[in-house]
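The values are calculated or read from the model by the stated rules, or taken from the named source; none is laboratory data. This structure is a prediction, so every number in the text was calculated from the model and none was measured. Using ideal geometry, Cβ is built from the backbone for each residue, glycine included, and neighbour counts are taken over all protein chains shown. These area figures cover heavy atoms from the full protein model, side chains too; ligands, DNA and RNA do not enter into them. Shrake-Rupley method; radii C 1.70, N 1.55, O 1.52, S 1.80 Å.
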Amino acid sequence: MSIWVIFKLLGSLALLMFGMKSMSEALQKMAGPQLRHVLGAMTTNRFTGMLTGMFVTAAVQSSTATTLMTVSFVNAGLLTLLQAISVIMGAHIGTTVTAWIMSLGFSFNITDFVYPAFFLGIILIYMKSRRIIGDFLFGVAFLFLGLGTLKDTGFLLVQDPEANAVISSFFQNFNEATFWNSLFFLLMGTVLTLCVQSSAAIMAITMMLCSTGVLHIDQGIMLVLGENIGTTITANIVAATANVQARRAAFAHFTVNVVGVTWALILLKPFFGMVCQVVGFDPSMSSTTPGFAIKASMVLATFHSAFNITNTVLQIWFVQYIERFVCWVIKPRSVDEEEDFSLHFIQSGIMKTPELSVLEAQKEIRSFSERMQRMFGMVRELLVEKDEQKFAKEFARIEKYEGISDNMEIEIAKYLDQVGDAHLSDETKAKIRAMLREISELESIGDACYNMARTINRKVQSKQDHFTERQYEHIHQMMELTNQSLTQMNALLGGRKEAYDVNRTFNIENEINNYRNQLKSQNINDINNHLYTYAVGTIYMDLINECEKLGDYVVNVVEARMGTRQKGI
């Protein structure tokens, strides 16, 4: 067996996977934010959710992308677990389109369309306004080139007597239709899909082996069923670090396919016989029969479609029971996630697109922002805490949050830097620049909170005089204004900027500035009138000034998200 044939086989598989990935990414870029809005809006019940998952997957040509997107939405709280399960079921139907594209590659010489697509694609790539369409054409061209090369190499491999003997002898060991042989090919399909991280690629290999007659069609069917299980493991790996609802959504994906494969195995003979009858294929047909390759690939594509459609139609009625089951299996973690640093929304995964990555980063920034408001709440509690032990515990908690804010800034920035290395649209580049500014300002908010906590701690440790009642009243009023500013910031980061009135933040900021100036003048008069010592007045104004700085950081975050700047600032 020539080593070059093996390399050609592996290279064509790589071309196929790269083409699928490029095509999927380009389609998602073209859909843009509308894809997220459609997925979020059209899931009012199980049937609309199923249709949404089906059409979105058919559009982006990747059930993995749809599933990862759905898990991300559950993780971000945009979809309920019940909605996510129905969307994932629909994705199983949508992904059958890919199998039919693969089947077409065995029906005619698909590489005839590759080079015109490359030529047209490169022209569009150099036209900035049509760059994404060019990327899509390049993805399609690479997909077809990989598929055509894979088919040709497969036939070349079969024609090699030595290679044919080795491959045939391996598969002949499992020719007997026994339970253990069927289980072997089921597990092989699962493991190969898990390793390659692409059910489409394994489907192409299965079609190539069956169409050349090396692999019996019964064995190919078991590989197809195994691929359906293997493709679910990707989402479970990605969701391992996510919150409990996202892990449940990923596990529901696995559960639905395992249940489907179970009933398919029980009814395999009549079900497969019906598929063969529809296609007009005789399983005992020889590989030398004219049209065998086309018929074999069509049987696999038809079986894949029939299985996924039937499985979805059967299980869509039991969505609520699937939800109960996955909730019973996956229990919430006992660890207090808010007290330990971890990124809840940003996940590492294969076939991640810029659109998904930006969404995850935005949700992580929202979580970062909410943490900072909680941290500010701790500072307010620290100010009035009289018990020494509780004070020390609360101060240590604020110190921990300050470390968390530093880590979050670094990790989100690293993630955005990785996303920025990809081929991005100008709109996505602008979003990433804005998010980098947001996390920098949010970390500054954490620093401001920690500075206030240290100021309060310094006052307590030095045993200085207490603040007067009027000072406490002024500090509380200033902190209330600052908290209102933080609340408005979180409302913006958690919603759509089109619905946000930026003047609310600017008005609160002006109020904070005016109040700070008023208290600054009054502080000088109160010290001159000996209402409190200069040292107490200094600590008092340190807290007031730090609140005012925090308000400035909030405005900077709002401006970064809105893409505006306040006049005069």
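Of all residue pairs spaced 6 or more apart or on separate chains, those with beta-carbon atoms under 7 Å, a first member in the range 364-391 that is outside any helix (DSSP H, G or I) and a second member that is surrounded by fewer than 20 Cβ atoms within 10 Å (Cβ to Cβ) and not acidic (Asp, Glu) are GLU385/PHE391.
Out of all the residues in the range 65-87, which are at pLDDT below 70 and more than 10 Å from the chain's Cα centre (by Cα)? Within the range 65-87, GLY77, LEU78 qualify.
Name the single residue that is modelled with the highest pLDDT among those in the range 340-391 being β-branched (Val, Ile, Thr) and open to solvent by 10 Å² or more (accessible area, probe 1.4 Å). Among those residues, the one meeting the criterion is VAL384. Scanning the range 256-277 for residues that are open to solvent by less than 20 Å² (accessible area, probe 1.4 Å) and of a type in the set (Val, Ile, Thr) turns up VAL256, VAL261, VAL275. Pairing each residue of the range 507-528 that is under 20 Å from THR482 (Cα atoms) and touching a residue at least 12 places away in the same chain (Cβ under 8 Å) with any residue that is open to solvent by 70 Å² or more (accessible area, probe 1.4 Å) and not β-branched (Val, Ile, Thr), provided the two are 6+ apart or on different chains, yields C-beta distances under 6 Å for ILE508/GLN484.
Scanning the range 205-264 for residues that are under 22 Å from CYS195 (Cβ atoms) and among the charged types (D, E, K, R) returns a single hit, GLU227. Residues in the range 107-130 that are at pLDDT 80 or above, part of a helix (DSSP H, G or I) and more than 30 Å from LEU300 (Cα to Cα): PHE119, LEU120, GLY121, ILE122, ILE123, LEU124, ILE125. Residues in the range 187-200 that are in contact (Cβ under 8 Å) with a residue 40 or more places away in the chain and surrounded by fewer than 24 Cβ atoms within 10 Å (Cβ to Cβ) were compared, and the one that is nearest to the chain's Cα centre (by Cα) is GLN197. Filtering the range 88-106 to residues that are modelled with pLDDT of 80 or more, under 26 Å from GLY148 (Cα atoms) and among the β-branched types (Val, Ile, Thr) leaves only ILE93. Just for the range 485-530: of the residues that are part of a loop (DSSP other than H, G, I, E, B) and within 20 Å of MET562 (Cβ to Cβ), which one is most open to solvent (accessible area, probe 1.4 Å)? Within the range 485-530, the match that is most open to solvent (accessible area, probe 1.4 Å) is ARG496. Flag set for LEU223, criterion: aliphatic (A, V, I, L, M), crowded, with 23+ Cβ neighbours inside 10 Å, within 29 Å of SER22 (Cα to Cα) and at pLDDT 80 or above. Within the range 486-504, residues that are on the phi > 0 side of the Ramachandran plot reach no partner that is in a helix (DSSP H, G or I) with beta carbons closer than 9 Å at six or more positions or on different chains.
In the set (1) under 15 Å from ASP542 (Cα atoms); (2) over 35 Å from the mean Cα position of the chain (by Cα); (3) small (Gly, Ala, Ser), the condition left unmet by ALA448 is number (2).
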